[in-house]
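Peer 1: Below you'll find the structure I mean.
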Amino acid sequence: QVQFVESGGGVVQPGGSLKLSCAASGFTFSFYDISWYRQAPGKERELVATITALPGRANYADSVKGRFTISRDNAKNTVYLQMNNLKPEDTAVYCCKREGYFDNWGQGTQVTVSS
């Protein structure tokens, strides 16, 4: 059974940083592209960043380019999202999944950026 467990969210002031983790199980992790998505209240879910299977190329939404960094540790079946210079508009629930697959969403992790 494919599962994702997200963690690392919290409340941070504008300009602050957080590092999210996504622990995956139930599939051969290193074979798949993994994406972070986010959903803010009253808005549609949006793609934030994707990291490919080897060689681990990263792609980002324009709204986070230069501020967020996605990475993966295949030995730990985990994908990370380092978020710097956070803005109030980054406030959302962040989730991860295999890109291109209809995986069930995990609970996600709440990120709140507020002064």
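Where a number appears in this text, it was derived from the coordinates with a stated rule and is not lab data. These figures come from a predicted structure and were not determined experimentally. Neighbour counts run over all protein chains shown; Cβ positions are idealised from the backbone, glycine included.
Peer 1: What distance in nm lies between label points placed 7 Å from Cα along the C-beta direction at residue 105 and residue 52?
Peer 2: Placing both labels 7 Å along Cα→Cβ, they lie 2.8 nm apart.
Peer 1: While we're here: Suppose R0 equals 25 Å. What FRET efficiency, 1/(1 + (r/R0)^6) with r the Cβ-Cβ distance, do residue 74 and residue 7 give to the nearest 0.05?
Peer 2: With R0 = 25 Å, the Cβ-Cβ based efficiency is 0.85.
Peer 1: What are the extents of the Cα atoms of region 1-57 along their three principal axes, in Å, largest first?
Peer 2: 36, 24, 18
Peer 1: Also: Quick one: Debye curve from the alpha-carbon atoms of the chain only, equal weights, vacuum; give me log10 I(q)/I(0) at q = 0.09, 0.12, 0.13, 0.15 Å⁻¹ to two decimals.
Peer 2: The computed values of log10 I(q)/I(0) come out as -0.21, -0.37, -0.44, -0.58.
Peer 1: How long is the gain from residue 65 to residue 27 if the chain were fully straight, where each residue apart is worth 0.36 nm and the alpha carbon distance is subtracted?
Peer 2: Working: separation 38, 0.36 × 38 = 13.68 nm, distance 2.90 nm.
So the extension gain works out to 10.8 nm.
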